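Step one of this worksheet: look at the structure below.
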C-alpha cells in the first residue's frame with residue numbers, strides 16, 4: 001500500500017512567505033533534500049496528520065544562493081549545513097552555521113563535481 | 001555575571017555508544033547552550049547509487065546501521081517497488097512485518113540496557129541484553145545472521161519460514177515475554193530509576209512540534225504520530241494504536257519504549273496468525289526503475305524517509321536517506337539548555353542516538 | 001523500601017540457575033542450519049564458469065579461465081552467499097559455506113586455489129545422412 005504524495009513547484013522568492021504560512025497551519029518540517037540533474041533541485045517536505053506535501057525549487061549548478069528558513073523552523077540548521085557541505089550551495093542567514101565543517105570532509109562539494117572534461121590526444 | 005566555561009563531551013566517552021561531540025557551555029554546573037558536532041564517520045554511501053546496480057543497493061542500505069539494518073532495507077525496497085509498480089505477495093509482506101517487529105524488540109532491549117548502564121545499574125543492563133540474546137537466536141535461525149540479516153530483496157524476501165519453525169517461534173515468544181516482564185517491572189516501578197529520570201530533559205508538546213521531533217521522543221511529549229498508521233507494506237492487516245505519554249521527560253521516553261516492546265510482541269503474534277498457507281515469497285523483477293518516490297517507514301528510533309529516483313537505467317539517479325536521529329538533533333539542543341552537567345549522558349541517550357545512521 | 005529492591009528477586013534467582021554464557025572457544029559454538037559463514041571451494045568440482053565472480057556484489061572473487069585459478073579476497077567478502085546460489089555444478093555445488101569465521105590472517109593477501117582446466121568431452125560424430 002502506497003500513500004499519495006504531492007509535489008508542488010515554487011520559486012526561490014516565494015520560499016520564506018510559503019514556509020511562514022505553513023508554520024501557522026501547523027505543518028511539521030520533515031526534511032530538505034537536494035538532487036543533481038541538469039540543475040540543482042531542492043525539495044522541502046512537510047507533513048500534517050499523515051499527509052505528505054513536497055515543495056520544489058530549482059537552483060543553478062554553481063554559485064547560487066538560498067535563503068535560510070531557520071528563522072521559522074530552527075531545526076532546519078542541520079539540513080542546510082548538509083546542503084552547504086555536500087553540494088556547495090551558499091545558504092544565507094543560517095542561525096547555526098558551521099561554515100562548511102559540519103561533515104569534516106576534505107573535498108568541497110563532493111556530490112556536485114563538474115563532469116570530467118574530455119582530453120583530446122595531440 | 002557568572003563565568004562561562006566550555007567543556008567538550010565525546011566523541012570518546014565511557015557512557016556514549018556512538019561518536020557524537022557536544023561543546024557544552026557551562027555556568028557553574030548548569031548547561032546554558034550545547035553545540036552539536038558530528039562528522040566522524042561520514043562514508044558518503046549515498047553516492048554509491050551511481051556505481052552499483054539498484055538490486056545490489058539493498059546490501060548497501062542494510063549496512064548503513066547495525067541496529068536498525070533490516071528496516072533500512074525495507075524502506076529502500078518499498079520505494080523501488082513503488083516506482084516499478086511491483087505487487088509483493090502477501091506472505092512476503094507479513095514476513096517483512098514479522099522481521100521488522102522482532103527488530104524493534106531487539107533495538108528497544110538494547111536501548112534499555114544502555115540506559116540502565118548510563119545511570120550505573122549494571123545488573124539491569126546485563127539482564128536486558130540476556131533477554132536480547134533469545135531474540136537474536138530467532139534471527140539466526142530464520143535468516144542466517146545475527147546483526148545483518150540479508151533477508152530482503154526487491155520483489156519479496158529471500159527466505160521462507162516453515163510452519164514448524166513458526167510454531168516453535170511462538171513458544172519462544174512466550175518465554176521471551178515471561179523473562180521480559182521481570183525487567184519491565186523494574187523500569188516501571190523502581191524508585192531509583194524514576195527519581196533519576198523524572199523531570200530531566202523536558203520537551204513540551206509545542207517545542208516538539210516546532211522542532212520536528214520524531215519517534216518515541218515525540219510520542220513521549222504527547223504527539224500522536226506513528227508512521228505505521230499509514231499502513232504501508234503488510235501493516236494494513238495489523239491493528240495497533242500509537243503509544244503516547246504526556247510528561248515529555250526522560251522517564252516518559254523510557255516508558256514509551258518499554259510499552260512498545262509489549263505492543264511489538266502482540267504484533268508478531270498477529271502477523272504469524274494471519275500468514276497465508278503456502279504461496280510465493282517473491283515476484284520476478286524485470287525492467288529498470290523510472291520515477292521518484294519518498295518512502296516512509298517506522299524504524300525503532302522514529303520516522304525514516306527514503307527518496308529514490310530512477311531514470312530508466314540500472315543505476316539510480318539519487319538515493320537519499322533521512323534518519324530519525326538527524327531530525328532529533330534539533331530537539332536535543334533544546335533539551336540540553338538549562339540542565340545539570342550530570343544529567344547530560346541521560347539526556348543524550350534518551351533520544352537513542354544512532355550516529356552511523358545520521359552520517360551515512 | 002520494597003520499590004528499591006525490585007531487582008533483587010531476579011538477581012537471586014539467576015544466581016541459582018546455570019550460567020547463560022557459553023565458554024567459547026573451550027566449548028564448541030552452536031550454530032543453526034542457515035547460519036552464514038566463510039566460503040569454501042572444492043577445486044576438484046570447479047568448472048571455471050566465472051558465474052560466481054560475475055554475481056559477487058563487492059568484487060571479492062576473481063576467476064581466470066586461461067591460467068586456471070579461483071581467488072578470493074577475504075576482506076572484501078561480506079558473506080552474502082550469492083556465489084553459492086549462483087554455482088551451477090550438479091549434483092553437489094563446488095562452493096559451500098562453512099559455519100564459522102575464516103581463520104585469522106597475518107598479512108592482507110588473496111587466497112588462491114589452483115583449478116585444473118577440464119576439456120569438454122568430444123562431441124559425437126554426426127552421420128552424413130543426418131546432417132542438415
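The values are calculated or read from the model by the stated rules, or taken from the named source; none is laboratory data. Predicted model only: the values in this text are computed from it and were never measured. No Cβ is skipped: glycine too gets one built from the backbone with ideal geometry, and neighbour counts run over all protein chains shown.
Here are some notes:
- Filtering the range C:69-92 to residues that are assigned to a loop (DSSP other than H, G, I, E, B), within 14 Å of chain B (Cβ to nearest Cβ) and within 12 Å of the chain's Cα centre (by Cα) leaves C:77, C:78, C:79, C:80, C:81.
- In the set (1) within 14 Å of chain C (Cβ to nearest Cβ); (2) touching a residue at least 24 places away in the same chain (Cβ under 8 Å); (3) assigned to a helix (DSSP H, G or I), residue B:160 fails one condition alone, (3).
- Residue in the range B:50-69 that is modelled with pLDDT of 85 or more, within 14 Å of chain A (Cβ to nearest Cβ) and under 21 Å from the mean Cα position of the chain (by Cα) present: no
- Filtered residues of the range C:93-118 (kept if under 15 Å from the mean Cα position of the chain (by Cα), over 24 Å from residue B:58 (Cα atoms) and part of a loop (DSSP other than H, G, I, E, B)): C:93, C:94, C:100, C:102, C:103
- Applying the condition of being out of contact with any strand residue (DSSP E or B) (no Cβ under 6 Å at 6 or more places or on another chain) and either at pLDDT 90 or above or facing chain B (nearest Cβ under 10 Å) (or both) to the range A:49-69 and asking which residue is surrounded by the fewest Cβ atoms within 10 Å (Cβ to Cβ) yields A:49.
- Among the candidates B:39, B:44, the residue that is crowded, with 19+ Cβ neighbours inside 10 Å, within 14 Å of chain A (Cβ to nearest Cβ) and either modelled with pLDDT under 90 or more than 25 Å from residue B:237 (Cβ to Cβ) (or both) is uniquely B:39.
- Residue C:44 falls short on exactly one of the conditions (1) out of contact with any strand residue (DSSP E or B) (no Cβ under 8 Å at 6 or more places or on another chain); (2) within 13 Å of chain B (Cβ to nearest Cβ); (3) outside any helix (DSSP H, G or I); (4) on the phi < 0 side of the Ramachandran plot, and that condition is (2).
- Meets criteria (farther than 30 Å from residue B:126 by Cβ and away from every other protein chain (no Cβ under 14 Å)) for residue C:56: no
- Annotation: residue B:2 fulfils all but one of (1) more than 14 Å from chain A (Cβ to nearest Cβ); (2) under 30 Å from residue B:163 (Cα atoms); (3) touching a strand residue (DSSP E or B) at 6+ places or on another chain (Cβ under 7 Å); the unmet one is (2).
- Looking across B:128, B:103, one residue alone is in a helix (DSSP H, G or I) and crowded, with 24+ Cβ neighbours inside 10 Å. It is B:128.
- Scanning the range B:308-318 for residues that are more than 10 Å from every other protein chain (Cβ to nearest Cβ) and in a strand (DSSP E or B), we see that the one that is surrounded by the fewest Cβ atoms within 10 Å (Cβ to Cβ) is B:310.
- Among (1) outside any helix (DSSP H, G or I); (2) in contact with a helix residue (DSSP H, G or I) (Cβ under 6 Å, 6 or more places away or on another chain), the one test that residue B:241 misses: (2)
- Residue within the range C:10-26 that is surrounded by fewer than 15 Cβ atoms within 10 Å (Cβ to Cβ), modelled with pLDDT of 85 or more and assigned to a loop (DSSP other than H, G, I, E, B) present: yes
- Residue within the range A:92-106 that is buried (at least 19 other Cβ atoms within 10 Å of the Cβ), more than 12 Å from chain B (Cβ to nearest Cβ) and either free of Cβ contacts under 8 Å to residues at least 40 places away in the same chain or closer than 25 Å to residue B:225 by Cα (or both) present: yes
Every residue, every condition in (1) modelled with pLDDT of 90 or more; (2) not in a loop (DSSP other than H, G, I, E, B), yes or no:
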residue	(1), (2)
B:278	no, no
B:285	no, no
B:291	no, yes
B:298	yes, yes
B:306	yes, yes
B:330	no, yes
B:338	no, no
B:353	no, no
B:357	no, yes
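- Which numbered condition residue C:39 misses (of (1) more than 18 Å from residue C:101 (Cβ to Cβ); (2) outside any loop (DSSP other than H, G, I, E, B); (3) touching a strand residue (DSSP E or B) at 6+ places or on another chain (Cβ under 7 Å)): (1)
- Residue within the range B:173-182 that is within 13 Å of another protein chain (Cβ to nearest Cβ) and more than 28 Å from residue B:274 (Cα to Cα) present: yes
- Test: residue A:30 is surrounded by 14 or more Cβ atoms within 10 Å (Cβ to Cβ), closer than 19 Å to residue A:92 by Cα and within 12 Å of chain B (Cβ to nearest Cβ): no
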